[in-house]
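Starting off with a structure, shown below.
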Amino acid sequence: MYPNFEVLNLKIMKKTVIVLVALFVSTVAYSQKVKEKNVPDAVKIAFKAAYPNADDVEWEKEDENYEVEFELNDVDYSVLYTADGTLLETEMEIETEQLPQNVIEYMKANYADKKIKESAKITNNKGVVTYEVEIKGKDVMFDANGNFIKEIKD
């Protein structure tokens, strides 16, 4: 008649462990640090050819792609490559004042109470430019003309 609390506690603990493991695996699967020696040669060659003077280089694996974060002339960059060394996109940190005026106005109108942590200009391998504005808990994306595209939760 009385519930068996030991069994209930074990079930709750088991579910909690399963959820935590799933969260950990999904986070690790998305992006994980990787040592340069484990980055494919084609990726390293493409990167070094494009950015021979890069400093503070750090590598991550995102799904099947490789992201390299680095500094060049006091500017932070992030570049994404496929495993065969094909450039997918380049992200360059910019000052908030360098954003298109439409972006600045949109952020003031829609996120007046949020502090901008970081702004970036992203150029994909086809030359298409987008802008990213990072605020607490999300990234706000805009097209090259400063028109709102979407929010991405962190």
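Each value in this text was obtained by applying a stated rule to the coordinates, not by laboratory testing. Just so it is clear, the model here is predicted, and its values are computed rather than measured. For neighbour counting, all protein chains shown are included, and Cβ atoms are generated from backbone atoms with ideal geometry for every residue, glycine included.
Length gain on complete extension for the stretch V34 to E62, per 0.36 nm per residue less the alpha carbon to alpha carbon distance? Please report the intermediate quantities before stating the final value.
Numbers: separation 28, 0.36 × 28 = 10.08 nm, distance 1.00 nm.
Length gained, V34 through E62: 9.1 nm.
Okay, moving on. Compute the Rg/Rh shape ratio of segment 95-154: radius of gyration over Kirkwood radius, all on alpha-carbon atoms.
Rounded to two decimals, Rg/Rh equals 0.94.
A further question on this structure: Hey, with R₀ at 22 Å, roughly what FRET efficiency would N73 and E151 work out to, going by the Cβ-Cβ distance, to 0.05? Spell out each step's value before the answer.
Details: r = 31 Å, r/R0 = 1.41.
Here the calculated transfer efficiency is 0.10.
Positive end of the dipole of segment 33-85, charges at C-beta (+1 Lys, Arg; -1 Asp, Glu), about the Cα centre: which of V79, P40, N53 has its Cα farthest in that direction?
After comparing all options, I get P40.
If I model a spin label at K114 and K136 as a point 7 Å from the Cα along the Cα→Cβ vector, what separation in nanometres do I get?
A separation of 1.1 nm, rounded to one decimal place.
Within straight cross-link reach of K35, meaning Cα distance under 25 Å, which lysines are found once same-chain residues fewer than 8 apart are removed?
K44, K48, K61
Subtracting the Cα-Cα distance from 0.36 nm times the residue separation, let me have the gained length for A144 to Y51 in nm, one decimal.
Computed gain between A144 and Y51 is 31.1 nm.
Sticking with this one: Which length gain, in nm to one decimal place, applies between N124 and M92 when the Cα-Cα distance is subtracted from 0.36 nm times their residue separation?
So the chain would gain 10.4 nm between N124 and M92.
Continuing with this model, one more query. Could you work out the Rg to Rh ratio of segment 33-85, with Rh taken as the Kirkwood radius (inverse of the mean 1/r over all Cα pairs)? Let's see the in-between values first.
On the way: Rg = 10.2 Å, Rh = 10.9 Å.
We get a ratio of 0.93 for segment 33-85.
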